[in-house]
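Written below as structure tokens is the structure these notes are about.
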Amino acid sequence: MKEFYLLSCAEIADGGGVYKYGLMETGKLKEIAYLPCPKPMYAAKSGERLHILLRSPYETSDNSGYFSCKKDFTDCSDMQNTLGKCACHLAVDNDAYLVNYLSGNIVKNCKKVALHSGRGVNLPRQDMPHTHFVAFSPDKKYVLCCDLGLDTIFIYDRDLKEISRVKVPDGYGVRHFVFSKCGKYIYAVNELAPSISVLAYSDGKAEYISTTKLDCKNKNSTAAAIRLDENKNRLYVSVRAENEIFAYNADNADLLFYGRFPCGGAGPRDFDLLGDYIVCTNENSDNVTVIEKNGYRVVYELPMKTPLNVVR
């Protein structure tokens, strides 16, 4: 049984909180534990602890909150202010780095802030900076941040001193990325113009190579999550409005379309690869689906209010 976490971004009265589940060999899910908390946006594991962002836990402020706990939901830390609104992603390695989407900043340990400035061309979505994702370089020396509002990936040192930056096409809205297995390439998913941008990466610097558009049928489609199956070098991207997951074979800088399949719900915000299955959180249809990787059929469906995040 593979254990993982699901986040329901709802009020506690509606079942909001963090759930620990087990994925059975049959694809069915078994609930193991539940941590009630209001509107969790994103979580990440580091060592023996789970680190969690809450959208707006304060009565007198719209700012988001951050806390951590052990993986069994014990030993919860005090809540810390994220110094911004709508914290939506974090990465933890001794230090915790998080991004506040509606404040356009990246924050270290809820103390040090790097604020972005400017706007993009795709209005109104790019009316200001919108930091959406943060991750470490493969060697953990650098911190990389996607700014959807500026079409830019910023690269910082561990003290949030900017080292470099790289852009995707104007108006595309870079959202998330994954590193290639070799660590020499970045595969970035663009939300506003559903696509994958490929960048070469080396020691704190990235260079734009190309962008592959996804063949979307709905004009309102927006891309969301991107994951890499390292065993097959296969990229998966979830696309809302299409309500499908697209798959590409990745050979360094070259992408080859492999296929597409339904996610089993509406608004697939996040998903992850767990063994023989894909677990997908469908935000707009209030359900989590387990999809068989061989055959791409839904084998299990779990009702959940506003599911946002899969954490393994």
Work out from phi, with θ = phi - 60° and the Karplus expression 6.51 cos²θ - 1.76 cosθ + 1.60, the ³J(HN,Hα) of each residue of the stretch 296-312, listed in order in whole Hz, and give x for Gly and Pro. 6, 10, 6, 10, 7, 10, 10, x, 7, 6, 6, x, 10, 9, 10, 10, 10
For the stretch 33-38, just list the computed ³J(HN,Hα) in residue order, Karplus coefficients 6.51, -1.76 and 1.60, θ = phi - 60°, integers in Hz, with x standing in for Gly and Pro. 7, 9, 10, x, 7, x
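Which of rounded, prolate, oblate describes the stretch 1-148, given a ≥ b ≥ c as roots of the alpha-carbon gyration tensor eigenvalues and a/c under 1.5 marking rounded, otherwise prolate only if a/b is larger than b/c?
Values: a/c = 1.70, a/b = 1.53, b/c = 1.11.
Taking the square roots of the gyration eigenvalues as a ≥ b ≥ c, the stretch 1-148 is prolate.
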Under a 10 Å cutoff between Cα atoms, tell me which one of Glu244, Glu283, Glu11 has the largest fluctuation in the Gaussian network model of the chain. Glu11
Once amide H atoms are placed 1.01 Å from N in the peptide plane, what residues at a sequence separation of 5 or more from Cys216, or on another chain, have their amide H within under 5 Å of its amide H? none
Given a 10 angstrom Cα cut-off, can you work out which residue in Ala43, Ala266, Ala13 is the most mobile in a GNM of the chain? Ala13
Solvent-accessible heavy-atom area per residue, rounded to whole Å², over the chain at 1.4 Å: 42
In the stretch 57-100, the chymotrypsin sites (Phe, Trp or Tyr not before Pro) that sit in a DSSP loop and have at most 12 other Cβ atoms within 10 Å of their own Cβ are Tyr58
With a ≥ b ≥ c from the Cα gyration tensor eigenvalues, square-rooted, and the rule rounded for a/c under 1.5, otherwise prolate when a/b > b/c and oblate otherwise, the stretch 159-312 is prolate
Measure up Lys108/Lys213; Lys85/Lys232; Lys219/Lys293; Lys45/Lys305; Lys2/Lys111; Lys39/Lys112 against 31 Å on the Cα-Cα distance and list the ones that go over. Lys108/Lys213; Lys85/Lys232; Lys2/Lys111
For Asp151, which sequence-distant residues (separation of 5 or more, or a different chain) have an amide H within less than 5 Å of its own amide H, given hydrogens modelled in the peptide plane? Gly173, Val174
Carbon and sulfur %, accessible surface of the chain computed with the full protein complex present, 1.4 Å: 45
Rounded, prolate or oblate, given the Cα gyration tensor of the chain, with a/c below 1.5 counting as rounded? rounded
Cβ-Cβ cut-off under 14 Å around Ala225, Lys and Arg +1, Asp and Glu -1: the net charge is -2
Can you tell me the length gained on complete extension of the stretch Ile209 to Val299, counting 0.36 nm per residue apart and subtracting the Cα distance? 28.6 nm
Would you pull out the residues with amide H under 5 Å of Tyr258's amide H, same chain only if 5 or more places away, H placed 1.01 Å from N? Ala247, Tyr248, Asn249
Report the Cα centroid-to-centroid distance between the stretch 149-184 and the stretch 103-121 in angstrom, as an integer. 14
I'd like the trypsin sites (Lys or Arg not before Pro) in the stretch 1-41 restricted to DSSP loop residues with at most 15 other Cβ atoms within 10 Å, sorted by number. Lys28
Karplus 3J(HN,Hα) series, Hz, for the stretch 157-169 with 6.51 cos²θ - 1.76 cosθ + 1.60 (x for Gly, Pro): 7, 5, 9, 6, 8, 5, 9, 6, 8, 8, 10, 9, x
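The values are calculated or read from the model by the stated rules, or taken from the named source; none is laboratory data. This structure is a prediction, so every number in the text was calculated from the model and none was measured. A quick note on method: Cβ atoms are made from the backbone with ideal geometry, for glycine too, and the neighbour counts reach across all protein chains shown. Remember, those area values only see protein heavy atoms, side chains included, never the ligands or the DNA or RNA. Shrake-Rupley method; radii C 1.70, N 1.55, O 1.52, S 1.80 Å.
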